[in-house]
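The structure appears below as structure tokens.
Values in this text are rule-based calculations from the coordinates and carry no lab data. Since this is a predicted model, take the numbers as computed values, not measurements. Cβ sites come from the backbone with ideal geometry, for glycine too, and all protein chains shown count toward neighbours.
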Amino acid sequence: MGDDVAGEVAVAGDTLLKFMLGEGNVRGVVVRLEDSWREMQRRRHHDGAVRSLLGEMTAASALLAGSLKFDGTLVLQIQGDGPLRLAVAECQPDFGLRATAHAEAGAEAAPHLAALANAHGMGRCALTLDPRARKPGQTPYQGIVALTDDTGQSHTDLAAVLRQYLEKSEQIPSWVILAADDDRACGLLVQRMPDAGGGSAAGREKVDEDFARAMYLAATLGRAELLREAPEVLLRRLFWEESPRVFEPRTPHFHCTCSRARVADMLRMLGRDEVESVLKERGQVDVACEFCGAGYAFDLVDAAQLFKADIDQPPSPSHPQ
Ligand SMILES: [Zn+2]
């Protein structure tokens, strides 16, 4: 890392920048994940197409979290019907990130998203917003889109899926570009500011023009440059004529929200019979976190505690993580 930089000084490290362009009719987010992305791969390594998709999903989850006013867990999920079965990236309000994927052997060689996750046209991308303080009975917001466009053609990359999602489900015209390799996962999101223009036709027209110009400029950015350059350098290069205003940088980082208490909740939901049958067979119940690889073991004594607590107190509310 860092040895590929010649001339321009690229600021290393994990950075997320929110910005506004021109008169504030266009907003955006740019993210660069380095240490966090490498840490995720160190814990759960994936190759080729699976690694690229997971990196892009992780960058995308941070971009979306950066663009939404929302206090809770943002979950971006792809349910594949190709060699990729499932990929999940999560972003917390403080930009704590984690990701995991389940894929069949050979998935890493898929040439694009369509072959990887939409082999029969049944692949889906879901965005879930799970509020931090969820009220009892309140279900998380979820939006789901297919991995195909209006003409039934499979999208070949995640950025196209997200553009469609943001336009259709969120009704926010957007431009997205994503890229990931071994060392970095990066993304840029540019959006027409919702409700900008003051309601007049002329006002809306001006906003449309500003957004069209920003999108044109953003579309000149290629994946290689996105991976190579630091966020502030990218913004300066792409939008110098639009006088970008950059907000306080944020630092995305790897963070897994798993805990022994959550695994205990999960085992309680599984039920006493199920847990006891595993105990009888193996002497203890081993659960590994699919995101970070952390192991949690419950022996006979632990299991007795688990279900004793169940009787003593009402079960704690189930949690999706
Ligand atoms: Zn974990």
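With the helix formula -39500 (n - 2.57) applied to DSSP H stretches of n ≥ 4, the chain reaches a computed 222 nm mean residue ellipticity of -10500 deg cm²/dmol. Both radii were evaluated on the Cα set of the range 92-183; the Rg over Rh quotient, with Rh as the Kirkwood radius, amounts to 1.00. Simple point charges give the picture: +1 on the Cβ of Lys and Arg, -1 on the Cβ of Asp and Glu, and for the range 260-312 a dipole about the Cα centre of about 80 debye.
Unpaired Cys in the chain, meaning no second Cys C-beta under 4.7 Å: C91, C125, C186.
Starting from the Cα of K18, draw a straight line to each of the lysines and keep only those under 19 Å, dropping any in the same chain fewer than 8 residues away. Answer for K18, where 19 Å is the Cα cut-off: K69, listed by chain and number. The value of relative contact order for the chain, using C-alpha pairs under 8 Å at least six residues apart, is 22 percent.
Please identify the trypsin sites (Lys or Arg not before Pro) of the range 62-99 that satisfy two criteria: DSSP loop assignment and at most 15 other Cβ atoms within 10 Å. Which are they?
Numbers: sites: K69, R85, R98; in loops: K69.
Sites meeting the loop and neighbour criteria: K69.
Using the Cα centre of the chain as the reference point, and only Cβ charges (+1 on K/R, -1 on D/E), how large is the resulting charge dipole? Debye, rounded to the nearest 20. Before the final figure, lay out the partial values.
On the way: 35 positive and 47 negative charges, 121 e Å.
So the magnitude is around 580 debye.
Computed from the C-beta positions of D208 and D47 and an R0 of 45 Å, the FRET efficiency is 0.60 to the nearest 0.05. Between the beta carbons of A297 and R237, assuming R0 = 51 Å, the FRET efficiency works out to 0.50 to the nearest 0.05. Entry note, the range 1-126: relative contact order of 22 percent, from Cα contacts under 8 Å with a spacing of 6+ residues.
Find how much the distance from E225 to A105 grows on full extension, using 0.36 nm per residue of separation minus their present alpha carbon separation; answer in nm with one decimal. Write out the running numbers ahead of the final one.
Details: separation 120, 0.36 × 120 = 43.20 nm, distance 3.09 nm.
Taking E225 through A105 to full extension adds about 40.1 nm, to one decimal.
Which helices count as membrane-span-like in the chain under these terms: full DSSP H, at least 27 Å along the axis by C-alpha, Kyte-Doolittle mean of -0.5 or more? Spell out each step's value before the answer.
Working: long enough: 48-67 (28 Å, 0.90).
Once both thresholds are applied, what remains is 48-67.
For the options G66, G152, G106, a Gaussian network treatment of the chain with springs between C-alpha atoms closer than 10 Å singles out G152 as fluctuating the most.
Principal axis extents of the Cα atoms in the chain, from largest to smallest and rounded to whole angstrom, are 69, 46, 41. Which residues does the label zone of Y141 cover in the range 51-67, counting backbone N under 17 Å from a point 7 Å along Cα→Cβ? Zone members listed by number: 61-67.
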